[in-house]
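Right, one structure below, let's go through it.
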């Protein structure tokens, strides 16, 4: 799972909420007010989605797949292994929640495991070269951050495997 550091709420969104409250005398409701079925609601939804997708670096924080503006789509409760599998972190109060999310969202599907495994294997970090702990920390930093405003798909699977290497 990739933790997405939230930036400030978009100024236009905050203005819209304040205008709505001033006009209607109450807080807005996402489904009924912001996302209304008229063309203005559709425009607002698209604009907000664009900003959220950009903020996430164009990856799904759960499955790590690339997301686009046209596609629909806790970092510490999941763990990835070098074979591309996802596991709930044991001995945490959220273990049952994490396992339920893995099952319900299909995060353990064959295709996602394969894609994560291929991303890990395709990373230069897991070739036959020996890397120092400092090199590995540099790789962790690289895969943990956006590159040209986008995260690398399956980056947290790679980061988890790198962290395991540090602990060897």
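Residues considered: 152, 82. Of these, the only one that is closer than 30 Å to residue 11 by Cα and part of a loop (DSSP other than H, G, I, E, B) is 152. Picking from residues in the range 56-94 that are modelled with pLDDT of 85 or more and under 10 Å from the mean Cα position of the chain (by Cα), the one that is surrounded by the most Cβ atoms within 10 Å (Cβ to Cβ) is 59.
What residue, among those in the range 103-121 that are touching a helix residue (DSSP H, G or I) at 6+ places or on another chain (Cβ under 8 Å) and part of a loop (DSSP other than H, G, I, E, B), is surrounded by the fewest Cβ atoms within 10 Å (Cβ to Cβ)? Residue satisfying both the conditions and the ranking: 106.
Scoring residue 97 on the criteria (1) more than 30 Å from residue 15 (Cα to Cα); (2) touching a helix residue (DSSP H, G or I) at 6+ places or on another chain (Cβ under 9 Å); (3) assigned to a loop (DSSP other than H, G, I, E, B); (4) modelled with pLDDT under 85 leaves a single failure, condition (3). Only residues that are more than 26 Å from residue 74 (Cβ to Cβ) and in contact with a helix residue (DSSP H, G or I) (Cβ under 8 Å, 6 or more places away or on another chain) were counted across the range 27-46, and they come to 5. Among the residues in the range 131-149, are any in contact with a strand residue (DSSP E or B) (Cβ under 8 Å, 6 or more places away or on another chain) and part of a loop (DSSP other than H, G, I, E, B)? Checked against the condition, which is being in contact with a strand residue (DSSP E or B) (Cβ under 8 Å, 6 or more places away or on another chain) and part of a loop (DSSP other than H, G, I, E, B), the range 131-149 yields no hits at all. Looking across the range 8-42 at every residue that is part of a loop (DSSP other than H, G, I, E, B) and loosely packed, with under 10 Cβ neighbours inside 10 Å, the one that is modelled with the highest pLDDT is identified as 25. Residues that are more than 30 Å from residue 43 (Cβ to Cβ), under 18 Å from the mean Cα position of the chain (by Cα), buried (at least 18 other Cβ atoms within 10 Å of the Cβ) and modelled with pLDDT of 85 or more occur in the range 133-146; there is at least one.
Answer with yes or no whether residue 47 is modelled with pLDDT of 85 or more and surrounded by fewer than 13 Cβ atoms within 10 Å (Cβ to Cβ). Walk me through how you get there before you give the answer.
Numbers: modelled with pLDDT of 85 or more: yes; surrounded by fewer than 13 Cβ atoms within 10 Å (Cβ to Cβ): no.
In short, no.
The values are calculated or read from the model by the stated rules, or taken from the named source; none is laboratory data. Note that this is a predicted model, so its numbers are computed, not measured. Positions of Cβ are backbone-derived with ideal geometry, glycine not excepted, and every protein chain shown enters the neighbour counts.
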